[in-house]
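Worksheet: one structure, shown below.
The values are calculated or read from the model by the stated rules, or taken from the named source; none is laboratory data. Note that this is a predicted model, so its numbers are computed, not measured. Counting neighbours? That spans all protein chains shown, and the Cβs are built from the backbone with ideal geometry, glycine included.
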Amino acid sequence: MLVEFEQIQKAQAGDDAAFNQVVVAYRKRILGTIARLIGRPEDVEDVAQEVFLRLYYSLDQLRTPEVFEPWLYRLTVNASYDYLRKQRRRNESRMSDLSEQQVMMADAAAGGKVSSEEQRRKQVKELVDSLLGAVSEQDRILLTLKEVEGLSLKELEKIYRVNENALKVRLFRARQRVLNAFEASQGSAKPGEQKS
Amino acid sequence: MNQRDRDNELNALFAAYKAAVPDPDASANFMPELWRKIEARQSFTIRVRKLTQVFVGAAAAICLLFAMVLAVPGSHPTELRGTYIDVLADAHPADNLAALGIHGDAAEANTK
């Protein structure tokens, strides 16, 4: 826990200063998780604010402070899922944004503005984002929490409120799809690598 | 490449992804914007609550009005008693029917 139970109890009682402290303690972690869940840095703060907004209005429903963290993760998962679902609807316009970004990136790289390390990071990010595109938004979130965020099955069980076996099955299937996409991407990348 | 190699490679890719997307710092505007959103939702909730109160009040007033209209004596046009046939017989006495040239058993019985 990044804050004392007392702090959460005070926030539950309507103490805005205590709520502020809870937000300050958790925001960096939540921002990081959201950044990796949604893959769009420009919208990370908006989604994080939505998480804390939901936290503010539902804090009184929290029975015990002990389950605060899984509960905060659940709010994060739900807000990220809502965001990804909205994004899918706006996919076409977003695709044009992405291509524009890629063009800018390529221009910057050509001008020597972007370091090779930065380029490598960008490539990894784009590759993982495209691989996670092979699964549904829900599975993308679940897989990211497990494989990238490193949450245990026990923790995921608390967040999703489903039994471990069901989670294992979902994770296995999602991972298999991502693995297949990974293989396919490697297969398509190889001819390009040979050309260069 | 076997399954284990592919798994290891994917794990390495996920680890690289975490390193490539570190936890970002919040902007200076994060907390003010959050509180602005909280207050905006609060005022929206208050407005909805007020509107609900107005509707409930109006509905209660209308119910009261209807109850009063129904409770005032003489507000009903006629009080219905008996069967439909009785009501018809009351509305059309036998004398009137005879005057109209309608002769039925009931009319005859009445005149006799």
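Could you please tell me which pairs satisfy a Cβ distance under 7 Å, a separation of 6+ or placement on different chains, a first residue in the range A:1-26 that is assigned to a helix (DSSP H, G or I), and a second residue that is hydroxyl-bearing (Ser, Thr, Tyr)?
A:19/A:56
If the Cβ limit is 7 Å and pairs must be 6+ apart or interchain, which residue in the range A:139-156 that is more than 19 Å from residue B:9 (Cβ to Cβ) pairs with which residue that is among the polar types (S, T, N, Q)?
Short answer, once both residue conditions are applied: A:141/A:80; A:149/A:33.
Residue A:20 passes all but one of (1) at pLDDT below 90; (2) surrounded by 11 or more Cβ atoms within 10 Å (Cβ to Cβ); (3) among the polar types (S, T, N, Q); which number fails?
Exception for residue A:20: condition (1).
Kindly list the number of the only condition in (1) at the interface with another protein chain (Cβ under 10 Å from one of its Cβ atoms); (2) closer than 20 Å to residue A:137 by Cα that fails for residue A:57.
So residue A:57 meets the others, but not (2).
Restricting the search to the range B:9-55, which residues are within 17 Å of residue A:47 (Cβ to Cβ) and in contact with a Phe, Trp or Tyr (Cβ under 8 Å, 6 or more places away or on another chain)?
B:34, B:38, B:41
Which of (1) surrounded by 18 or more Cβ atoms within 10 Å (Cβ to Cβ); (2) more than 26 Å from residue A:130 (Cβ to Cβ); (3) facing another protein chain (nearest Cβ under 10 Å) does residue A:33 not meet, given it meets every other one?
All conditions pass for residue A:33, except number (2).
Would you check if there is a residue in the range A:56-72 being in the same structural domain as residue A:18 (by TED's automatic domain parsing), modelled with pLDDT of 90 or more, exposed (fewer than 15 other Cβ atoms within 10 Å of the Cβ) and closer than 22 Å to residue B:41 by Cβ?
Initially, the range A:56-72 is screened for residues in the same structural domain as residue A:18 (by TED's automatic domain parsing), giving A:56-72.
Still in the list and also modelled with pLDDT of 90 or more: A:56-59, A:68-72.
Still in the running and exposed (fewer than 15 other Cβ atoms within 10 Å of the Cβ): A:57-58.
From what's left, closer than 22 Å to residue B:41 by Cβ: A:57-58.
Yes, that holds for at least one residue.
For the range A:26-44, enumerate the residues that are among the charged types (D, E, K, R) and farther than 15 Å from residue B:19 by Cβ. Don't jump to the end; show me each part of the working.
Of all residues in the range A:26-44, those among the charged types (D, E, K, R) come to A:27-29, A:36, A:40, A:42-43.
The answer is A:27, A:28, A:29, A:40, A:42, A:43.
Among A:73, A:81, which is the only one that is under 20 Å from residue B:26 (Cβ atoms) and away from every other protein chain (no Cβ under 13 Å)?
On the way: A:81 fails: under 20 Å from residue B:26 (Cβ atoms).
When all the criteria are applied, what remains is A:73.
Just to verify a result, which residue in the range A:125-179, among those that are in a loop (DSSP other than H, G, I, E, B) and among the β-branched types (Val, Ile, Thr), is nearest to residue A:31 (Cα to Cα)?
Let us first name the residues in the range A:125-179 that are in a loop (DSSP other than H, G, I, E, B), namely A:133-136, A:149-152, A:161-163.
Checking which are among the β-branched types (Val, Ile, Thr) leaves us with A:135, A:162.
Details: A:135: 23, A:162: 25 Å.
It comes out as A:135.
Restricting to the range B:20-60, name every residue that is aliphatic (A, V, I, L, M) and in contact with a helix residue (DSSP H, G or I) (Cβ under 8 Å, 6 or more places away or on another chain).
The first filter runs over the range B:20-60 and keeps only residues aliphatic (A, V, I, L, M), leaving B:20-21, B:26, B:28, B:31, B:34, B:38, B:40, B:46, B:48, B:51, B:54, B:56, B:58-60.
Across the range B:20-60, the qualifying residues are B:20, B:21, B:26, B:31, B:34, B:38.
Results for (1) under 45 Å from the mean Cα position of the chain (by Cα); (2) surrounded by 14 or more Cβ atoms within 10 Å (Cβ to Cβ); (3) more than 8 Å from chain A (Cβ to nearest Cβ); (4) at pLDDT below 95, shown as yes or no for each residue.
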{"residue": "B:2", "(1), (2), (3), (4)": "no, no, yes, yes"}
{"residue": "B:5", "(1), (2), (3), (4)": "no, no, yes, yes"}
{"residue": "B:9", "(1), (2), (3), (4)": "no, yes, no, yes"}
{"residue": "B:12", "(1), (2), (3), (4)": "no, no, yes, yes"}
{"residue": "B:16", "(1), (2), (3), (4)": "no, yes, no, yes"}
{"residue": "B:24", "(1), (2), (3), (4)": "no, yes, no, yes"}
{"residue": "B:44", "(1), (2), (3), (4)": "yes, no, yes, yes"}
{"residue": "B:49", "(1), (2), (3), (4)": "yes, no, yes, yes"}
{"residue": "B:53", "(1), (2), (3), (4)": "yes, no, yes, yes"}
